[in-house]
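Please read the structure below before turning to the comments.
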């Protein structure tokens, strides 16, 4: 099991886990997966690279054994 520090918090992950970058619109709008990646380094690269405009939101989530955990979230 490996560990990565994102926004001051340590996250443990293993080889089969997925990192998802999701984008949504509006206050109550649903998120849609934009990228599904294998490593947290790739996921942070794409998460930081997405420019969101007014009314949009983005989040980075970690999927482990079918459970989704929100790692980072940004709204505008």
Open item on the list: Mean-square fluctuation check for the chain, GNM, Cα pairs under 10 Å: which of 57, 25, 14 is largest?
Closed with: 14
Task: Matching label, semi-axes √(5λ) of the Cα gyration tensor in Å computed from the structure shown, candidates (i) 22, 13, 11; (ii) 46, 13, 8; (iii) 68, 14, 4 - done: (i)
TODO: Subtract the Cα-Cα distance of residue 9 and residue 32 from 0.36 nm times their separation in residues, and report this length gain in nm to one decimal.
DONE: 5.8 nm
- [ ] Rounded to the nearest 500, what is the 222 nm mean residue ellipticity of the chain from helices alone, with -39500 (n - 2.57) per DSSP H run of 4+ residues and division by all residues?
- [x] -4000 deg cm²/dmol
Task: On Cα atoms only, tilt of 40-49 relative to the major axis of the chain in degrees - done: 20 degrees
Open item on the list: Once you keep just the Cα pairs under 8 angstrom separated by 6 or more residues, what percentage relative contact order results for the chain?
Closed with: 29 percent
- [ ] Take the chain, connect every pair of alpha-carbon atoms lying under 10 Å apart with a spring to form a Gaussian network, then pick out the residue of 20, 58, 28 with the largest mean-square fluctuation.
- [x] 28
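We did not get these values from a lab; they are worked out from the coordinates using the rules stated. What you see is a predicted model; the values in this text were computed from it and never measured.
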